[in-house]
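Here's the structure we're looking at; comments come further down.
The values are calculated or read from the model by the stated rules, or taken from the named source; none is laboratory data. Everything quoted here is computed from the prediction, not taken from an experiment. Quick reminder, even Gly has a Cβ in these numbers, built from the backbone with ideal geometry, and neighbours come from all protein chains shown. Only protein heavy atoms, including side chains, enter the accessible area calculation; ligands, DNA and RNA are left aside. Shrake-Rupley method; radii C 1.70, N 1.55, O 1.52, S 1.80 Å.
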Amino acid sequence: MEDLHIQSIRFKAAGIQGIEKAKSTLVVDMDKKQILAGPDDSVSVVALPEGEKSQLVAEAQARVLTLKLSHNGRKHRMLSLDPVFTDGDHVEHKLTEGYDWSKEVHLYKSQEKYDNSFFYYTLDKHYPQPLTFHIHGYDRKISDPQGLIVPVE
């Protein structure tokens, strides 16, 4: 280091992958098929394709929350919801256990040609709307240029 006359090293980052605490909930009205609050506009509620419900849930009164996540030019996207949610009466419930391979009880299906990913969450019945979920994971880029200068001794 002395021979090169380096006095400091500078580290830079353009941002991080994550979600702001204020946007870490997803509020969904399943009856109206609307997102009332969420991290951004790339998450939306869509209708479950005909015939898919019978493949996902066996009980007639069960419901499926189908979320579409737009890739917006990015190759892969990720969305993970806490399995405990709050209904419109502020009562907590748990997503229906339906898939042995998934602790978060969702089936992920990506359609790269359409640049979207779909996430299916099963609920055992109809609940008072809207439903509020805490978001565990979301790969949104938060731009916040930062730098750190470290002196070299």
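Assorted remarks:
- Distance between modelled label sites at Glu20 and Asp124, nm, 7 Å Cα→Cβ extension: 3.7 nm
- The listed residues Phe85, Phe118, Phe11, once ranked by accessible area (1.4 Å probe) with the largest placed first, stand as Phe11, Phe118, Phe85.
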